[in-house]
Amino acid sequence: MVCLNVKSLSLCISVFVFSASMLKQNLGRSTRSIYLSLAFLSLALHLLLAFFCFSILQTACVPSSSSSSSSSSLPRTDSEHRQSLSHSSSSPAASSSNKLPTIPQNEEHHKLNSNKLNHKEKDLLWDATERENKLTGGLIQKVKGWSKLEALFKHPLYNLPPQSLQDDDWLLRVKTNTEHTSDEGSEEEEEEDSIDADSDWESASEEKGYDKVSWTKEVETHPPWLRFHLGISRWELYDRKDPNLAQLTHYLARQRVLGAVQKTGGTQLKLLMSFPNYGQALLKPMRQSRDAETDVNLFYFSDFERHNGEIAAFHLDRLLGFNRIPPVVGRLINVTSEIREITTDHRLSRTFFTSPAGNVCFYGQCEYYCSTEHPACGQPHSLEASLAAMLPDLSLAPRRSWRSPWRRSYSRTKQAMWEKDPAYCDTVKQKPPYNHGTRLVDLIDMAILDFLMSNMDRHHYETFEKFGNETFLLHLDNGRAFGRHSQDEPTILVPLKQCCSIRRSTLLRLRLLSLPGFRLSDVMRESLAQDPLAPLAPLLSEGNLSALDRRLASVLQAVQTCQEHHTDVIYNDFEGYDTINSMHEEQNNK
């Protein structure tokens, strides 16, 4: 930037004086007067502009002091380099008191920490931060054309090498011709198994409204819901990169509804929807507005289930890299044509009525909130709802239900054992299946998920029986998630705080989502915008989104506290720091 000084000003004046003298010699008196006036006017304007620019650029033109100039010409020391990196990597949005203390918030905070820590402690602190930065991508450089969500899913932590799967690691699989011929059975079974190799199963007729289909062993002939079932493995419910996932959610949101009956079990109203391609989905209707907050006077077991809570839980589970919630989408359902007129459930059909406002309503039969005082109503026919993909039938893939060790008492007066015993986790660790394998850290993963979305209603969880104890936990039934954003429920994190154990992959992803380039609230907002109901209104309020960042900071703070008192906090669930670093370097090169 050019600075104006006295020398340049004097040169400018000399030029104008010279021009004026030349004009006097060559031009007539009247012409000279005109040109002299213009020259002096131009000189005055130049001087005014010079003083204006000089006042603005004065700070930039001040030469560096000897100390600063000498320091700038020399390479920075390690401490200065660490301090600059520490400031550049701090997040402006994570200013809450719950943020990890390893990353200073601002210069004042950094100076305060520097005064308290000796040089050895600062070196250890820097080494830990440097290792974390290497694994989470270091300083974030936004790639041109990528959104935060796209950048997140391109990060090495979300593209780890897949585990090798054997035949027994798949929940279901299509039998081969060899297996068909080797199976022993009755003459009827042999006749059924002797279907032509190109046509393994055909629908009998279309008289009930079902599509006439012909499924072979080729994946292309399978509907999306069947591909989803065949893709369930020992370690995850679905592969995030599987293109069938988009087809499945589209089918849930657009497929013609063929039948609707009330699903038995549970405490609140939900329906089982059937589609022409033999697929099914679990529907939970909208019972209150999306941004309505749970009454502080209600117990955790007394609140409505939320359709947008189910949708948002699926997206959050996917962003955390768990992939343990069945795909869920939002959909506008016509209460009259897609439920009332086609249902064969007489118990359900008897509960329909027209409200004084002219809206079609129903309430079904269940333990809570199934009455004329708590109906699900259309506007006047359209009703928002969540539709979740159904898991394989229990006759094909039996599931085992486990009582959570940190289950709440579901009493207005009694406390659970874990609420009274701070060393409760030591007792849990001695009992199977928590005394070996990954079951305990799987349970802590689920507790972190529940804390982020403020779900206090996790009394049981399920696993597929085929895989025994070496498998993931199903994160089902999340209707009471995202009910309250103005306050957090720290007791949901008790499994993490008492056991002080967490998966390494989970911790690294949480740290990644706390960085400005991948902020959890931002990627969550972007992910939810892909849902079919998003154009009507945001599926989560800004209060719920900001609560995610606040609660994430609390989780990381809890881990930090554990690390200060224990040495075996991190459960190394994968080998591959070198793999992550090489993938990150390859990504940067691209």
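The values are calculated or read from the model by the stated rules, or taken from the named source; none is laboratory data. Remember, it's a predicted structure, so these values are computed and weren't measured experimentally. Using ideal geometry, Cβ is built from the backbone for each residue, glycine included, and neighbour counts are taken over all protein chains shown. Areas reflect the complete protein model, heavy atoms only, side chains present, ligands, DNA and RNA absent. Shrake-Rupley method; radii C 1.70, N 1.55, O 1.52, S 1.80 Å.
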inquiry  = Which condition from (1) of a type outside the set (S, T, N, Q); (2) more than 16 Å from A481 (Cα to Cα); (3) over 21 Å from the mean Cα position of the chain (by Cα) is the one that F322 breaks?
reply    = (3)
request  = Can you work out which of the residues in region 417-464 that are of a type in the set (F, W, Y) and more than 26 Å from L545 (Cβ to Cβ) is nearest to the chain's Cα centre (by Cα)?
outcome  = Y461
request  = Just give me the residues in region 512-529 being closer than 13 Å to E150 by Cα and either among the aromatic types (F, W, Y) or assigned to a loop (DSSP other than H, G, I, E, B) (or both), in sequence order.
outcome  = F518, R519
message = Pairs needed: first member in region 274-290, under 14 Å from A388 (Cα atoms); second member anywhere, open to solvent by 40 Å² or more (accessible area, probe 1.4 Å) and part of a strand (DSSP E or B); C-beta distance under 6 Å; at least 6 residues apart or different chains.
response = S274/Q280
request  = Could you check how many residues of region 419-477 are open to solvent by less than 40 Å² (accessible area, probe 1.4 Å) and basic (K, R)?
outcome  = 2
query = Going by the structure shown, is A246 among the small types (G, A, S), within 27 Å of the chain's Cα centre (by Cα) and open to solvent by 60 Å² or more (accessible area, probe 1.4 Å)?
reply = yes
inquiry  = What's the number of the only condition in (1) crowded, with 20+ Cβ neighbours inside 10 Å; (2) under 32 Å from the mean Cα position of the chain (by Cα); (3) over 14 Å from L269 (Cα atoms); (4) not small (G, A, S) that V360 fails to meet?
reply    = (2)
Identity of the residue in region 256-281, at pLDDT 90 or above, closer than 16 Å to Q365 by Cα and not polar (S, T, N, Q), that ends up most open to solvent (accessible area, probe 1.4 Å) = K263
query = Looking at (1) open to solvent by 20 Å² or more (accessible area, probe 1.4 Å); (2) part of a strand (DSSP E or B), can you tell me which one G330 breaks?
reply = (1)
Answer from E373, E338, E384 - the residue that is at negative phi, among the charged types (D, E, K, R) and surrounded by fewer than 20 Cβ atoms within 10 Å (Cβ to Cβ) = E373
Answer residue from region 389-434, given it is of a type in the set (A, V, I, L, M) and in contact with a Lys or Arg (Cβ under 8 Å, 6 or more places away or on another chain) and is farthest from D445 (Cα to Cα) among those = A397
request  = Could you figure out which of (1) over 28 Å from N277 (Cα atoms); (2) open to solvent by less than 20 Å² (accessible area, probe 1.4 Å); (3) in contact (Cβ under 8 Å) with a residue 40 or more places away in the chain isn't true of G378?
outcome  = (1)
request  = Hey, could you check region 548-574 for residues that are in a loop (DSSP other than H, G, I, E, B) and either acidic (D, E) or crowded, with 19+ Cβ neighbours inside 10 Å (or both) and say which is farthest from the chain's Cα centre (by Cα)?
outcome  = D568
inquiry  = Residues that are of a type in the set (S, T, N, Q) and at negative phi: list the helices (runs of 4 or more DSSP H) wholly contained in region 405-453 that include at least 1 such residues.
reply    = 424-429
